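J.: First the structure, then my questions, so here it is.
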Amino acid sequence: MKRVLASVILLFCCISIGFAQSDDMALAKQFSANGEYQKALDIYQKLYKTNNEIYFNSYINTLIFLKKFNEAESAARKMIRKHPGSNEYVITLGSIYTQHSQADKANALYDDLIKNLPVDQNSITMLASLFYQVSNADYAIKTFLEGRKLLHDNDVFSFELVTLYRFKRDKNALTEEYLNILPRNPLFLSQAENTFATLFENNNDYDMLRIALLKRIQKDPQQTIYVDLLVWQFLQQKDFDQALNQAIALNRRANDDGSDIYQLCSTLVYNEAYDAAIRGYEYLISLGKDKPYYVSSRIEMINAKNLKVTAGKYVPADLVQLEKDYQDLLAEFGKTQSTAFAMQRLANLEVFKLHKLAEAQKVLEEAVAINGVQPALLATCKLDLGDVYLLNGQPWEATLLYSQVEKDYPNTNVGQDAKFRNAKFAYYTGDFTWAKGQLDVLKAATSQLIANDALNLSLLISDNVAADTTGAALKMYARADLQIFAQQQNKANQILDSINIKYPNNQLSDDILMAKARIAIQQKDYNDAVTDLKKIVAEHPNDLWADDAVFMLGDIYENQLNDKEQAKTYYQKIITDYSGSLYINDARKRFRILRGDVSS
């Protein structure tokens with residue numbers, strides 16, 4: 001009974017001591033947080049005497065903070081003698097030396113640890129981890145590299161070294177380590193590309209990668225993963241021809257189905273490298289009609305030519321040749337579900353560039369009648385056909401098609417697009433009340449582009465109907481807007497120039513300037529567009545189109561007039577003067593890129 005009682009008393013004493021130490025620890029942390037380090041040290045010193053191991057780090061760190069290096073060194077040496085096989089306390093002693101500006105002593109300790117490494121992977125990893133925990137990445141790397149020698153394995157510790165090189169931003173070492181990893185682990189290619197994209201700052205970094213890759217390819221020409229990475233490197237440097245050359249060379253060697261080149265051509269088109277994309281599609285076509293990408297390459301090659309022509313200045317003969325290319329394609333392969341996309345592109349060319357509304361209507365009516373067309377493509381063909389009906393003087397057929405797509409694709413982007421086109425149809429035809437009701441719903445659309453356009457059009461209607469309840473001037477402006485949509489620029493300008501004559505007290509001056517700017521952009525007359533947009537900024541800085549005009553100026557200067565400084569000025573103006581604009585995030589991103597900021 002006495003023994004039981006004694007045990008209970010001992011247990012309660014231990015619990016009481018534990019609670020007391022916990023309270024002391026909390027108090028010490030509070031003193032440290034308040035900057036009262038000597039008071040914290042007094043408590044840590046008392047706790048350290050009760051349990052060296054548990055309170056060692058807190059005690060040592062406080063001593064170092066108070067620059068009591070001799071006391072810290074003495075405590076660390078005591079623990080080394082108590083635990084002669086533990087590297088942790090040796091590294092702590094080295095950290096004390098480093099803090100005391102005695103790096104040579106610290107390095108001597110660390111070198112001795114590495115010199116006496118056992119031939120054991122776990123022990124090597126443990127030592128490197130201890131170095132990393134005290135923010136000594138250099139010696140963690142040395143440990144792993146020495147471990148490779150001891151284990152006679154140059155592949156071990158690769159992923160640990162990648163992490164350390166990335167932490168140190170050692171681009172050369174990181175590159176070499178990834179090039180060691182990739183042949184055995186090709187699934188890490190995307191990770192390597194993302195890491196390089198984050199870490200590399202300029203062309204010199206990508207040149208370093210290219211040189212390293214070419215050396216590896218020369219040494220091991222059968223290793224295709226290096227060529228894949230080389231293609232990516234050329235894309236980052238906008239050297240699109242070289243990227244395609246490498247991809248074609250790899251395809252010839254591997255004799256595969258061409259899927260990589262087909263995907264690369266899509267990237268080239270996205271980057272507006274149309275000549276390289278066309279050459280890539282021509283290569284895929286040259287592989288023969290029995291290859292899986294023959295038909296799609298024929299279609300996409302014409303689309304790339306279409307984009308190349310319409311992206312710049314062109315003459316009518318260019319458009320006629322494009323139309324013939326599409327027609328020849330359809331004559332060869334027929335009008336099927338596989339060529340419906342080409343039919344849609346042909347119709348768009350005929351509507352907006354050649355203004356052949358009857359021909360475009362016939363092509364789209366045939367496309368939507370084809371069985372088995374992909375639902376998403378069928379929906380967009382129907383919307384495009386609705387546009388043709390609207391421009392061709394058949395408004396009710398147009399709204400029926402828009403409504404059909406809206407009903408078939410509820411709560412989707414294409415459904416919201418259909419709803420927006422229906423609202424614009426009402427706006428074009430002067431039914432402003434119904435149009436505004438639909439637009440107000442679309443202001444919450446999941447597509448930011450539709451939401452933004454809906455908001456702007458809703459505000460345009462409400463502002464002008466409030467000033468003129470008949471909406472007469474706005475109806476005239478809407479007719480001009482329809483001609484802009486149809487890319488009938490001369491007709492649109494004539495209507496716009498007549499508004500102020502017929503309705504001299506209208507509220508549309510900034511809207512007319514924006515419309516004229518859009519026309520100038522359609523016609524590639526960027527200097528005229530800049531003139532109109534600057535008038536909006538100067539004369540209507542608080543009106544509907546002000547932030548649109550500022551952002552458009554930045555975009556034109558950046559991408560059309562090649563004046564990066566002016567572009568940067570306008571993007572910064574969005575950030576400083578229009579912080580509530582929907583363009584704020586895009587403007588901030590573009591401004592940082594032009595300023596030369598590097599992602600961390």
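J.: Please pick out the residue among LYS589, LYS516, LYS564, LYS535 that is at pLDDT 95 or above and open to solvent by 60 Å² or more (accessible area, probe 1.4 Å). Spell out how you get there, then give the answer.
T.: Working: LYS589 fails: at pLDDT 95 or above; LYS516 fails: open to solvent by 60 Å² or more (accessible area, probe 1.4 Å); LYS564 fails: at pLDDT 95 or above.
On inspection, the qualifying residue turns out to be LYS535.
J.: Can I ask one more? Which one of these is open to solvent by 60 Å² or more (accessible area, probe 1.4 Å), free of Cβ contacts under 8 Å to residues at least 24 places away in the same chain and among the charged types (D, E, K, R): ASP528, ASP543?
T.: Details: ASP543 fails: free of Cβ contacts under 8 Å to residues at least 24 places away in the same chain.
Matching residue, one of ASP528, ASP543: ASP528.
J.: Which count do you get for residues in region 151-181 that are surrounded by fewer than 20 Cβ atoms within 10 Å (Cβ to Cβ) and assigned to a loop (DSSP other than H, G, I, E, B)?
T.: 7
J.: List the residue pairs whose Cβ atoms are under 6 Å apart, where the first residue sits in region 303-332 and is closer than 17 Å to GLU282 by Cα, the second is open to solvent by 50 Å² or more (accessible area, probe 1.4 Å) and not small (Gly, Ala, Ser), and the two are 6 or more positions apart or on different chains.
T.: Listed by first residue and then by second, the contacts come to ASN303/ARG345.
J.: Loosely packed, with under 15 Cβ neighbours inside 10 Å, of a type outside the set (D, E, K, R) and either in contact with a Leu (Cβ under 9 Å, 6 or more places away or on another chain) or within 24 Å of GLN438 (Cα to Cα) (or both) - does that describe any residue in region 356-374?
T.: no
J.: Out of all the residues in region 183-196, which are over 15 Å from ILE211 (Cα atoms) and either among the small types (Gly, Ala, Ser) or buried (at least 20 other Cβ atoms within 10 Å of the Cβ) (or both)?
T.: Narrowing region 183-196 to residues over 15 Å from ILE211 (Cα atoms): 183-195.
Within region 183-196, SER190, ALA192 meet the criteria.
J.: In region 324-337, how many are in contact with a Ser or Thr (Cβ under 8 Å, 6 or more places away or on another chain) and either surrounded by 16 or more Cβ atoms within 10 Å (Cβ to Cβ) or part of a loop (DSSP other than H, G, I, E, B) (or both)? Give the steps one after another, and end with the answer.
T.: Here is the first cut: in region 324-337, the ones in contact with a Ser or Thr (Cβ under 8 Å, 6 or more places away or on another chain) are 329-330, 333.
Adding the requirement that they be either surrounded by 16 or more Cβ atoms within 10 Å (Cβ to Cβ) or part of a loop (DSSP other than H, G, I, E, B) (or both) leaves 329-330.
Looking only at that region, the number is 2.
J.: Continuing with the same structure: Select from region 456-474 the residues that are in contact (Cβ under 8 Å) with a residue 40 or more places away in the chain and open to solvent by 20 Å² or more (accessible area, probe 1.4 Å) and write down the one among them that is nearest to ASP586 (Cα to Cα). Quick ask: steps written out before the conclusion?
T.: First, pick out the residues of region 456-474 that are in contact (Cβ under 8 Å) with a residue 40 or more places away in the chain: 456, 459-460, 463-464, 467, 471, 474.
The next check asks that each one be open to solvent by 20 Å² or more (accessible area, probe 1.4 Å); those that pass are 459, 463, 467.
Working: LEU459: 22, ASP463: 27, ALA467: 33 Å.
Going through the qualifying residues, I end up with LEU459.
J.: Here's something else I'd like to know. Exactly one condition in (1) touching a Gly at 6+ places or on another chain (Cβ under 7 Å); (2) closer than 17 Å to PHE485 by Cα is not met by LYS291; state its number.
T.: (2)
J.: In addition: Name the residues in region 397-416 that are more than 14 Å from GLY386 (Cβ to Cβ) and in a helix (DSSP H, G or I), would you? Spell out how you get there, then give the answer.
T.: As a first pass, look at region 397-416 and keep what is more than 14 Å from GLY386 (Cβ to Cβ): 410-413, 416.
Answer for region 397-416, where residues must be more than 14 Å from GLY386 (Cβ to Cβ) and in a helix (DSSP H, G or I): ASN413, GLN416.
J.: So, one more: Sort through LYS39, LYS105, LYS115 and tell me the only one that's in contact with a Phe, Trp or Tyr (Cβ under 8 Å, 6 or more places away or on another chain), charged (D, E, K, R), modelled with pLDDT of 70 or more and closer than 26 Å to PHE144 by Cβ. If you could, list the steps in order and put the result at the bottom.
T.: Values: LYS39 fails: closer than 26 Å to PHE144 by Cβ; LYS115 fails: in contact with a Phe, Trp or Tyr (Cβ under 8 Å, 6 or more places away or on another chain).
After applying the criteria, what remains is LYS105.
J.: Could I ask something else about it? Out of all the residues in region 379-396, is one or more surrounded by fewer than 20 Cβ atoms within 10 Å (Cβ to Cβ), free of Cβ contacts under 8 Å to residues at least 12 places away in the same chain and either part of a helix (DSSP H, G or I) or touching a helix residue (DSSP H, G or I) at 6+ places or on another chain (Cβ under 7 Å) (or both)?
T.: Looking for residues that are surrounded by fewer than 20 Cβ atoms within 10 Å (Cβ to Cβ), free of Cβ contacts under 8 Å to residues at least 12 places away in the same chain and either part of a helix (DSSP H, G or I) or touching a helix residue (DSSP H, G or I) at 6+ places or on another chain (Cβ under 7 Å) (or both), one finds at least one in region 379-396, hence yes.
J.: Here's a follow-up. Select, from GLN222, GLN242, GLN246, GLN263, the only residue that is in a loop (DSSP other than H, G, I, E, B), among the polar types (S, T, N, Q), closer than 29 Å to ALA197 by Cα and open to solvent by 30 Å² or more (accessible area, probe 1.4 Å).
T.: On the way: GLN242 fails: in a loop (DSSP other than H, G, I, E, B); GLN246 fails: in a loop (DSSP other than H, G, I, E, B); GLN263 fails: in a loop (DSSP other than H, G, I, E, B).
Step by step, each of GLN222, GLN242, GLN246, GLN263 is checked, and only GLN222 is in a loop (DSSP other than H, G, I, E, B), among the polar types (S, T, N, Q), closer than 29 Å to ALA197 by Cα and open to solvent by 30 Å² or more (accessible area, probe 1.4 Å).
J.: Return yes or no: is GLN487 part of a helix (DSSP H, G or I) and either surrounded by fewer than 18 Cβ atoms within 10 Å (Cβ to Cβ) or among the basic types (Lys, Arg) (or both)? Walk me through it before giving the result.
T.: On the way: part of a helix (DSSP H, G or I): no; either surrounded by fewer than 18 Cβ atoms within 10 Å (Cβ to Cβ) or among the basic types (Lys, Arg) (or both): yes.
Judged against the criteria, GLN487 is not a match.
J.: Can you pull out the residues in region 345-358 that are out of contact with any Ser or Thr (no Cβ under 7 Å at 6 or more places or on another chain) and in contact (Cβ under 8 Å) with a residue 12 or more places away in the chain?
T.: Of the residues in region 345-358, the ones out of contact with any Ser or Thr (no Cβ under 7 Å at 6 or more places or on another chain) are 345-352, 354-358.
ARG345, LEU346, ALA347, ASN348, LEU349, GLU350, VAL351, PHE352, LEU354, HIS355, LEU357, ALA358 - these are the residues of region 345-358 that are out of contact with any Ser or Thr (no Cβ under 7 Å at 6 or more places or on another chain) and in contact (Cβ under 8 Å) with a residue 12 or more places away in the chain.
J.: Next question. Only one residue in TYR281, TYR270 is touching a Ser or Thr at 6+ places or on another chain (Cβ under 6 Å) and either open to solvent by less than 20 Å² (accessible area, probe 1.4 Å) or under 20 Å from LEU235 (Cβ atoms) (or both). Which one? Show your work before the answer.
T.: On the way: TYR270 fails: touching a Ser or Thr at 6+ places or on another chain (Cβ under 6 Å).
None of the others qualify; the one that does is TYR281.
J.: Oh, and also: Within the set of pairs 6 or more residues apart or between chains, which connect a residue that is without any contact (Cβ under 8 Å) to a residue 12 or more places away in the chain inside region 410-436 to a residue that is of a type in the set (D, E, K, R) and surrounded by 18 or more Cβ atoms within 10 Å (Cβ to Cβ) with Cβ atoms less than 8 Å apart?
T.: Pairs that qualify, where the first residue is without any contact (Cβ under 8 Å) to a residue 12 or more places away in the chain and the partner is of a type in the set (D, E, K, R) and surrounded by 18 or more Cβ atoms within 10 Å (Cβ to Cβ), are GLY415/GLU406.
The values are calculated or read from the model by the stated rules, or taken from the named source; none is laboratory data. Note that the coordinates shown come from a computational prediction; the quantities given were computed from them, not determined experimentally. Because the Cβ atoms are built from the backbone with ideal geometry, glycine has one as well, and the counts that use them run over all protein chains shown. Areas reflect the complete protein model, heavy atoms only, side chains present, ligands, DNA and RNA absent. Shrake-Rupley method; radii C 1.70, N 1.55, O 1.52, S 1.80 Å.
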